[in-house]
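Some notes on the structure that comes next.
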Amino acid sequence: MLGRFGNVLAGIWLIIAPYILSYVDATARTIDVWTGLAVIAIALIAASTGERAIQYINGALGVWLLTSPFLFGYHGSVATANNVVVGLVVIVFSLIPPWGEAPRFLRRRTAEP
């Protein structure tokens, strides 16, 4: 749940950051708002269904945030710094397993009868 909650907060930040940080580029503003909405929606779906694989979509959105400044040419701005930091945060939160679930390599194997 921690990863899902963290991504909801990151998504909210993406929606409000263009206005707080006064983005100059309209493309950066649009990308952040729509990506923020997607991150929130996917985190809420992952939390409600309990399906871990859905959260990996947020990992892909984190990669999108990391690369979008360079793909759309608004690198070298406050929007770039924000997208790189928030992109990394979204990736990290998407990799955190739900509460009570150990990573696969740490799970104890049980013998079949």
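The values are calculated or read from the model by the stated rules, or taken from the named source; none is laboratory data. Keep in mind that what you see is a predicted model, and the values were worked out from it rather than measured. No Cβ is skipped: glycine too gets one built from the backbone with ideal geometry, and neighbour counts run over all protein chains shown.
In table form, for the structure just shown:
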read-out: Residue that is modelled with the lowest pLDDT [pool: residues in segment 1-42 that are of a type outside the set (A, V, I, L, M, F, W, C) and surrounded by fewer than 20 Cβ atoms within 10 Å (Cβ to Cβ)]; value: Asp25
read-out: Qualifying residue in segment 52-74 (condition: outside any helix (DSSP H, G or I), modelled with pLDDT of 85 or more and not aliphatic (A, V, I, L, M)); value: yes
read-out: Residue within segment 3-18 that is part of a helix (DSSP H, G or I), in contact (Cβ under 8 Å) with a residue 60 or more places away in the chain and basic (Lys, Arg) present; value: yes
